[in-house]
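Data block below; observations after.
The values are calculated or read from the model by the stated rules, or taken from the named source; none is laboratory data. For clarity, every value in this text was computed on a predicted model and none was experimentally measured. Here the Cβ positions follow ideal geometry from the backbone for every residue, glycine too, while neighbour counts run over all protein chains shown. SASA here: full protein model, heavy atoms, side chains in, ligands and nucleic acids out. Shrake-Rupley method; radii C 1.70, N 1.55, O 1.52, S 1.80 Å.
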Amino acid sequence: MINLFLGCFTAVVPSIPFYLQQLAAPPSFMGLVVSAYSLGQIIGSACIAGWSNDKFDSKTLLTLTSMSGIVATLFYVIAANHWSVLFSRWLTGVSAGWEFTTELAFISSNTSAKERTVFLSSVTAVNLLGFIIGPALSTLLSMLNFEFMGLTINEYTGPGWLLVVLFVFDLILVRVFFSSSLSEEHSQLLVNGKNENQYGTIVDEESDRVESQVIREQRLPSLRVMGSLIFIQFSLMCCWSQLETIASLLAGDSFGWHIHECNVLFICGGAASLLAYVTFFFASKRIEDRFLIAYAIIACVAGLLLLITWSSPLPYLWRFVAGYLIVNMGFMTGRPVTFALYSKLIPEKNQGAYLGYMVAGGSAARTIGPFVAVFCYYHIGNGMNTLALFGSIATIMIMCLIVMFTLWLSLIPSVSVSVSVAGDKGKSSDGSVSFHHSEGLSMHVDKANGNVSKTSLA
């Protein structure tokens, strides 16, 4: 439910350009407002969350993020000028980045590598429901126009009031239902699950188990691997943030759309993303994360090419809608899988800090992306603005694909297996165990002294 509300943050996005117009903001101010949210996410995820996750429990942190979200959205609905909207979006970003990183750290600490992709994708699925429900409720609220106790509720402030209510519910849910600690039974299942390899457990069914030894080999991956995954996340977020920023403006100028039509577009984008998630959910059980990331990048490139204004038998309206939906599907597949793979490559003790770096990388993209989008849209003329905007990010996405292929063999999570040791049936007389792993690793466990010897078969 917390992530459902987090997804509903998009309720205000379709109406922000029109709200800023009512507050007499200059056209380029839209990019500053969207970037302020992302700058807040960087501070919330990399600075505040990275520091606080080691000092406080998750329930306390989620309580603080909900309270800061309430304050932030109140500034939005009572804004006297566009600078109040800017501050509101910045503080909302701090709350969102802090909350999301806290959730990621909690999930990573309380799931095995085998479970993590499914759990993180489930978080994304609930988030996607928010992407659908938020603009849908915003559409209903945009029909209202009245004052209550001096507070105005109309098509511009209605989405903001929706967020105020949702943050209050978020706070109640955290305080009443959320628990930072696991039950003893769940903890034991978690320990057992974390002793399994992501792609299956190696078990000797013939032996009588009298002793077990866990072999865990996981170190921090190279800076090149971590940096590449952060770059992929950065590029995906940059792609989506540019489209999020410019979609309402482009639709309004090209097709004469207003808040209602833009809300419908965002609802359809959320529905397409949910469809992509359902497909991904079943595919993730059989397909490795790196293949799913490659698919997501290719989908984003295809969608971006459709968004470029060029001569085509297909009317631009339909290409625009199709491109928007395809980019949403690619982004909502690539983002959680990139997080999941990155998390699997990071040792447990480093999860909080390094996941903060990943969130910060995405937030940096959402800070830079809107500025680029607004600049290209307003300052590059002669019908070249969509080519400059969507063509440049498509080129970056292709670079991501090339980077992935150069590191293809490094994008496999470390082996973590459980081995049973016994003194009979096919074992050596001293009870030692030898096996060969399918990824090209040979191990020998000596029961007498507990030594483990490894040999690479590659």
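Here are the numbers for the structure shown:
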quantity: Segment 256-408 - Kirkwood radius from inverse mean 1/r over Cα pairs (Å); calculated: 17.1 Å
quantity: Heavy atoms of residue 345: accessible area, 1.4 Å probe, square angstrom to 10; calculated: 10 Å²
quantity: Assigned charges on the beta-carbon of Lys, Arg, Asp, Glu; segment 256-390 dipole about Cα centre (debye); calculated: 260 debye
quantity: In Å², nearest 10: area of residue 408 left accessible to a 1.4 Å probe; calculated: 50 Å²
quantity: Segment 1-109, accessible area per residue, ligands and nucleic acids excluded (1.4 Å, Å²); calculated: 34 Å²
quantity: Rough spin-label spacing in nm, given labels placed 7 Å along Cα→Cβ, for residue 145 and residue 375; calculated: 3.9 nm
quantity: Euclidean distance between Cα centres, segment 32-102 to segment 257-290, Å; calculated: 25 Å
quantity: Contour minus Cα-Cα distance for residue 71 and residue 260 (0.36 nm per residue); calculated: 65.3 nm
quantity: Gain in span if fully extended, residue 398 to residue 283, counting 0.36 nm per residue against the direct Cα distance; calculated: 39.1 nm
quantity: Point-to-point label distance, residue 225-residue 81, nm (Cα→Cβ direction, 7 Å offset); calculated: 5.2 nm
quantity: Accessible area of residue 285 in the full protein assembly, 1.4 Å probe (Å², nearest 10); calculated: 130 Å²
quantity: For segment 265-363: accessible area per residue (Å², 1.4 Å); calculated: 37 Å²
quantity: Estimated D of segment 9-110 in µm² per second, where Rh is the Kirkwood radius over Cα pairs and Stokes-Einstein applies at 37 °C, 0.692 mPa s; calculated: 234 µm²/s
quantity: Cut-off 16 Å, label 7 Å out along Cα→Cβ of residue 309, residues of segment 222-261 by amide N; calculated: 246-257
